[in-house]
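Here the structure is laid out as structure tokens; the discussion comes afterwards.
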Amino acid sequence: MKIVVAVKQVAALDEEFELLDDGAGVDPDFLEWDLNEWDTFSLEAALELRDSAGGEGDEVVAITVGEEEAEEGLRSCLAKGADRAIRVWDESLAGADALAVARVLAAVLERESPDLVLCGVQSSDAVNGSTGTALAGYLDMPRVAVVTHLDWDAAGGTATVHRELEGGLIEVLRIRTPALLTIQTGINEPRYATLRAIKQAREKPLELVSPDGLGLDEAAVQAAAGSRTVALAPPERGAGAEMLDGSADAVAARIIEIVGERMAG
Amino acid sequence: MARDPKYDILFEPIQIGPKTLKNRFYQVPHCIGAGSEKPGMQAYHRGMKAEGGWGACCTEYCSIHPESDDTSRVSARIWDEGDVRNLSAMTDRLHQFGALAGIELWYGGPHAPCMESRATPRGPSQIASDFELNIFPRYMDQDDIDTVQQMYVDAAIRAREAGFDIIYVYGAHAYLPFQFLSPFYNRRTDKYGGSFENRARFWRESLYKVREAVGDDCAIASRFAVDHLLGPISIQVGEDGARFVEYCDDLVDLWDLTVGDIAEWGQNAGPSRFFEENHEKPFTGQIKAGNHTNKPVVGVGRVTNPDTMVAIIKSGQFDIIGAARPSISDPFLPKKIEEGRFDDIRECIGCNQCISRWEIGGPPMVCTQNATAGEEYRRGWHPENFHPAANRDKSVLVIGAGPAGMECAMVLGKRQMSAVHLVEADKEIGGCVNWISQLGHSDGKENLFRGSARGLGEWKRIVNYRQIQLDKLKNVEVHAGSRLSTEQVLEYGAEIVIVATGCHFATDGMNAATHAPIPGADASLDWQLTPDQVVSEAKRIGNRVLVLENEAYFMGVSVAQKLAGEGHDVTLVTQAAEIANYMDYTLEAPMLHRDLDRLGVHIHTYTMLEKIEPGVCHAYDVWNPAHKQQFEVDTVVLCTARISDDALFRELKADKARLEAEGIEGLYLIGDASAPRMIVDSVFDGHRLGREIDSPHPEMPLPFIRERRLWGETTNEDYLHELKNTADVALA
Amino acid sequence: MSGILVLAETRRGELREVSLELVSAAREVKDPAGGRLAVAVIGADAERFAGDLAAGGVDEVLTVAAPVADFEAHVWQRALESLIDSEQPALVLAGHTIDSLGFAPAVAARAGLGFASDVTAISWADAVRARRGAYGDKLQAELEFPGKACTLLTVRPGIFPVASPAGGSVPARSVAIDLDGVARTEHVEFVEAGAGDVDITKADFLLSIGRGIEDKDNIPRFEDLAERFGATLSVSRPLVDAGWMPSARQVGQSGKTVKPRVYLALGISGAVQHLAGMRNADTIIAVNTDPEAPIFGVAHYGAVVDLFEVVDELEQALE
């Protein structure tokens, strides 16, 4: 059994930060990096599946598209129990959007032929919620997004999953594997790595590959990209709060109205 | 980070007489156990606050003459040139950091028993102290009054010589000037008694004389309790309180306002259990509000919130934010506000452990939140600076994230150990604080004398602060919800293992009085509980409850208060003379007694249990065991003793070969797991190990500087020589 | 390629409001996009919704019959791919919803479309542009889609107004798409999620109370109000310190950091440690009797009015 977990090293902005000169990115000095919270859950799900049903030769492989900072995230995956890790990077991937990243990950997965692919629902920095499904699209893999429960019959090639809908509703689905699932936080209790495991992880295989090495030239990566960020700016903020005037009933009515608008959909 | 303009007002200078206070952060006089005879501790504790940005720091109450001697409680003294020399250490250090130095000139009268000097204190009328035991003053005639006023003057001159900028004539806490002002103490019929002006005369004259002597060079301050809280028999803010401020306004450059007296000074130094932030406002706030003064006013109220501070000044309540305990908990509070580092602010929890040491008389101060309080000089500890550990290439596993474990992991993190893993079995870190902080709410009614039982919720700040700090430390990982077995600890991969697994309550009635279990005591039965089981609501509690309290601090009484508040019929039994003895020292006792009384708790002191049977507890009189008593009860709560949970440590320690094979070079036991203790001491224990993890034998505390007279000629170096740890304060 | 294709969304027989928000969004760029706005709805009973989708500005409603009773990601993917192929829109809009997370990125990936998710603003100069959050909404990013003849955007619900019905009727056309055998998941059942431990960081709507509620005995009233409003109750620290509420509900520096769609703060002054925990909420509404309360500095909407009077009115209105 081979389970591939696609992870991301995400950036958190410091309280005070500066943009790059081109205004389309943040000065890396002001970024703090960490493994995406969602990915700790998808990794744990993979490890649990391997631990309970797996045998000799079964592996959990962590893969990512990212610069040097992403090595730390992969090492922590290895420390927690992943068997192998792969990082894809070269300069052509700088600023890659969800679709471009998914295209690159698809190339890795074509090499790996996994039985199950797990991704996080979204990353905490870009919050696209798209990479996993796009990846499934490139691979023409069946998928379910936003999974809060997973039972996998690896031998039989089917999985029963819960899909978390808005408003606290759950849909129970069955899917045939190989498949791709995007995992929601809270699905399990992610384990942590002991100091020994962290140390031993330094010896586990962590492969660095360039897109070229996967048969993707720069043009292919560019073509896959769905968008380009041209500018970053602080959120528009009016001059302070819009004050709601009038009596209590007018205020209450307005509050209900605003809530209704914002909570719609 | 830049300062948020919202807080600019706290950093505006203000004139106090001839002196300029650089900002609105003022450490009001408070005790630390240093006095003039531990000049290093005095200078470095106060100096730490100046370094942290406080605009002014004051001594504790400072005796002007051997007749004002509070031994064994530690006051400062300015009796002679030697004291001038010693206190100069403090003023020099404060000035080095740009802060003003204040000295609170004090004459205690009958509240100071003179057990060291053997002198006789004087007072306005011969009434025994309401604070001390059987101490009478000598009646002051005019000569006595002149003599004592001269003491103030001489002391003020020495104070100026020592470098002090602000000189107090101290009359709050019912010390001498207040004893003249208040008819509660003053029954005189001469010109110093009777009418308001007569009663105010002594104080006014003293202020005048001190001002004459040093007022051109120094700011003259007066600490005044605007309301004695005893009603018309003494000073009330609406009557003589405000009037006195107006009456002496011309002679004072700074008013330092409080309430209450020394007999129940917990009304001023209000513990968080009963008093909220800015609790003195209804009294001390009236002075400026009623336009009774043209001079700057500083006041207190255990204010820790920067937004409250801004509101206090903007609303005109005070001009200057006074603080004692918040400055002990975080000497760097002003700097952190200035730099916008709100998450680094270590908030006072109002436990009054600092105060308890002074009350006991003798020991140096302590602080639950700030383990470096009192250790600045004698151990060279700086609350914000941590020397990188010499063995920082090692990794550490700390087992147990209670007060000791959290503190130890935090210090080790700040000392740059390569990796620190703090592992906690519970889902949340915090250990005993998590359930202890749920106690103290009584029945939620606000009908006590000036206050209500707010509970110990603010003690949770112990966890809040450490949680934030641990989160920020990149070399520290915290893993909650994970109980490690001995095998897992051995295989964890840490070179240093620190066990901080806490303690549990004895279930068999084992206690300090009889050193034996109590027949029939068994907290595994469903009608007998330990205190933590009461909080966790693990068992049903019947109507009639007997709480056996042998521990002398808050636990038994807090459980009694909780259950009585919930409507149970509670009997509280203790073998001691008093319930919760230690709470006298933390100033929590009076309010607690009032609450327990209001709740109808039946208290039996000098009483011990000899047998517990279903439905009945058999008790006896400690002084005459033949004197028996039966209590018919439904439920028994055993708060008799705590026992360390050290099994993990013992197992690890037993197999030395295995420890060596796994590369574990150091194995330590801290906190309650080592020996059950108060939370303040657990935090200290964890802190000390962290500070000394790279000493040759970390399990043994390193020597600290003892400020004592060394025979023959000595220099400061002789004392510094005693310090074996690398100091994080520049102790030159 | 020209014109706009809006994909409506239904759930268990109800049209979801985001569908009409998408219409409003589309109308803003209708002209530069080529002037034609079509709304598509997929499902076993798609035609049922044609009338509801006849909003002002909509030129045509397209219904696609699907051979599945409920939403199925692969069926929707194929249906949308087909529609894009047949209708050739320059811009496709879907809601950024749980459903669309399951197919929209796949459609964009396979067809090489321009793509962005969770957009909060759309504009069109020479080409379409979109705005979305960056670094968890701490910044806003402007996006372009160079070289893309068609761009698919998923739009954040609750941002655009709900389009109102048209005066007259709008032509509806059914589009036949072969979707048999396309489904790759099998629906088993729906279940309500269990209560579980409260996690305020997951809530979309927080009703948060502070010292302004005055008394512990008032808490049940606010719990009730939160439930009626569809909100999760959270608190500021003083209520936890006082032992009135568990720390799991605490918002702030020493509690949880939350980023709900709506944060309704009642009786909270906004101490700096509290603001640190909620200042990035999408919409902050604050009610406090003190006009100087710091919370108004981060709120989007504020009211200086007696808290309990407002609560009375809210209770009545939400009956």
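Could you check what % of the DSSP bridge pairs in the protein assembly as shown are antiparallel, to the nearest 5?
30
Which percentage, to the nearest 5, of the DSSP beta bridges contained in region B:598-732 is antiparallel?
Restricted to region B:598-732, the bridges split so that about 100 percent are antiparallel.
Testing the spin-label approximation: label points 7 Å from Cα along Cα→Cβ at B:Ser524 and A:Gln222. State their distance in nm.
Distance between the two pseudo-spin positions: 7.7 nm.
Please report the relative contact order for chain A, taking Cα pairs under 8 Å with a sequence separation of at least 6, and give it as a percent rounded to a whole number.
Working: 489 pairs, mean separation 62.3, N = 265.
That works out to 23 percent.
Which value, in Å to one decimal place, does the Kirkwood hydrodynamic radius take for region B:338-470 when every pair of different Cα atoms is included?
16.9
Can you find, among C:Ile268, C:Ala293, C:Pro89, the residue farthest towards the positive end of the dipole of chain C? Put +1 on the C-beta of Lys and Arg, -1 on that of Asp and Glu.
My answer, from the dipole projection, is C:Pro89.
Greater than 31 Å separation of Cα atoms is the criterion. Which listed pairs, B:Lys295/B:Lys335; B:Lys474/C:Lys259; A:Lys2/C:Lys256; B:Lys394/C:Lys202, meet it?
Flagged as over cut-off: A:Lys2/C:Lys256; B:Lys394/C:Lys202.
Over region C:200-317, what is the relative contact order in whole percent, taking alpha-carbon pairs under 8 Å and six or more residues apart?
25
Mind checking the dipole of chain C: about its Cα centre, +1 per Lys or Arg Cβ, -1 per Asp or Glu Cβ, Debye to the nearest 20?
With Lys and Arg at +1 and Asp and Glu at -1, about 1080 debye.
Mind scanning B:Lys49/B:Lys653; B:Lys472/B:Lys724; B:Lys38/B:Lys281 and naming the pairs with a C-alpha gap bigger than 32 Å? Walk me through the numbers before you get to the answer.
On the way: B:Lys49/B:Lys653 42 Å; B:Lys472/B:Lys724 30 Å; B:Lys38/B:Lys281 35 Å.
In this structure, B:Lys49/B:Lys653; B:Lys38/B:Lys281 lie more than 32 Å apart at Cα.
Round to the nearest 0.05 the FRET efficiency obtained for A:Glu110 and A:Asp29 when R0 = 30 Å and r is the Cβ-Cβ distance.
Here the calculated transfer efficiency is 0.25.
Could you tally the net charge around C:Ile122, taking each other residue with its Cβ under 9 Å from the Cβ of C:Ile122, Lys/Arg +1 and Asp/Glu -1?
Cβ neighbours under 9 Å give a net charge of +1.
If contacts are Cα pairs under 8 angstrom and at least 6 residues apart, what is the relative contact order of region C:4-174 in percent?
Result for region C:4-174 is 30 percent.
Among A:Asp115, A:Asp29, which comes first, then next, by fewest other beta-carbon atoms within 10 Å?
On the way: A:Asp115 17, A:Asp29 8.
In order of increasing Cβ crowding within 10 Å: A:Asp29, A:Asp115.
Run through the DSSP bridge list for chain A and note the antiparallel percent, rounded to the nearest 5. Walk me through the numbers on the way to the answer.
Numbers: 19 of 46 bridges.
Looking only at bridges with both residues in chain A, the antiparallel portion is about 40 percent.
I need the P(r) histogram for the protein assembly as shown: all alpha carbon pairs, bin width 20 Å from 0 out to the longest distance, whole percents.
Histogram of Cα-Cα distances, whole percents per bin: 10, 32, 34, 18, 6, 0.
Local charge sum around B:Arg122 (other residues, Cβ-Cβ under 14 Å, Lys/Arg +1, Asp/Glu -1)?
Net local charge, B:Arg122 excluded: -4.
Using just the helices of chain B, give the 222 nm mean residue ellipticity in deg cm²/dmol: DSSP H runs with n ≥ 4 each add -39,500 (n - 2.57), and the total is spread over all residues, rounded to 500.
Calculated at 222 nm, the ellipticity per residue is -8500 deg cm²/dmol.
Counting only other residues whose beta carbon sits under 10 Å from that of C:Val61, what net charge do I get with K and R as +1, D and E as -1?
-3
Run down the lysines and flag those whose C-alpha is under 16 Å from the C-alpha of B:Lys611, throwing out any fewer than 8 positions away in its chain.
B:Lys628
Based on the alpha-carbon gyration tensor of chain C and its eigenvalue square roots a ≥ b ≥ c, which shape applies: rounded if a/c is under 1.5, prolate if not and a/b is larger than b/c, or oblate?
Values: a/c = 2.21, a/b = 1.92, b/c = 1.15.
Verdict is prolate for chain C.
Magnitude of the Cβ-charge dipole of chain A, K/R +1 and D/E -1, about the Cα centre, nearest 20 debye?
1180
Which three extents, in angstrom, do the Cα atoms of region C:4-174 have along their principal axes, listed largest first?
Sorted largest first, the three principal extents are 40, 35, 29 Å.
Taking the number of other C-beta atoms within 10 Å as the exposure measure, put B:Ser674, B:Ser452 in order starting with the fewest.
B:Ser452, B:Ser674
Within region A:161-265, report the GluC sites (Glu not before Pro) that DSSP leaves as loop and that have at most 11 other Cβ atoms within 10 Å.
Working: sites: A:Glu164, A:Glu166, A:Glu171, A:Glu203, A:Glu207, A:Glu218, A:Glu236, A:Glu242, A:Glu257, A:Glu261; in loops: A:Glu203, A:Glu236.
Taking region A:161-265 and a limit of 11 other Cβ atoms within 10 Å, the loop GluC sites (Glu not before Pro) found are A:Glu203, A:Glu236.
By count of other Cβ within 10 Å, fewest leading, how are C:Arg110, B:Arg642 ordered?
C:Arg110, B:Arg642
With no solvent and one point per C-alpha, what does the Debye sum give as log10 I(q)/I(0) for region B:573-630 at q = 0.14 Å⁻¹?
Ignoring solvent entirely, the Cα scatterers give -0.47.
So for region A:2-224, what percent of the C-alpha to C-alpha distances run longer than 23 Å?
45
Would you work out which of A:Val65, A:Gly95, A:Gly23 lies farthest towards the positive end of the dipole of chain A, given +1 charges on the beta-carbon of Lys and Arg and -1 on that of Asp and Glu, about the Cα centre?
Sorting the options by dipole projection puts first A:Val65.
Charges at C-beta only: +1 for Lys and Arg, -1 for Asp and Glu. How large is the resulting dipole of region B:646-720 about its Cα centre, in Debye rounded to 20?
240
What Kirkwood hydrodynamic radius do you get for chain B when you take the inverse of the mean 1/r over all pairs of distinct Cα atoms, in Å?
Evaluated on chain B, it is 27.1 Å.
Run through all the Cα pairs of region C:200-317 and give the fraction in each 5 Å bin from 0, expressed as whole percent.
2, 13, 25, 28, 22, 9, 1
Only the coordinates and a few stated rules stand behind these numbers; no lab work does. Quantities reported herein were computed from a predicted structural model and do not represent experimental measurements. Because the Cβ atoms are built from the backbone with ideal geometry, glycine has one as well, and the counts that use them run over all protein chains shown.
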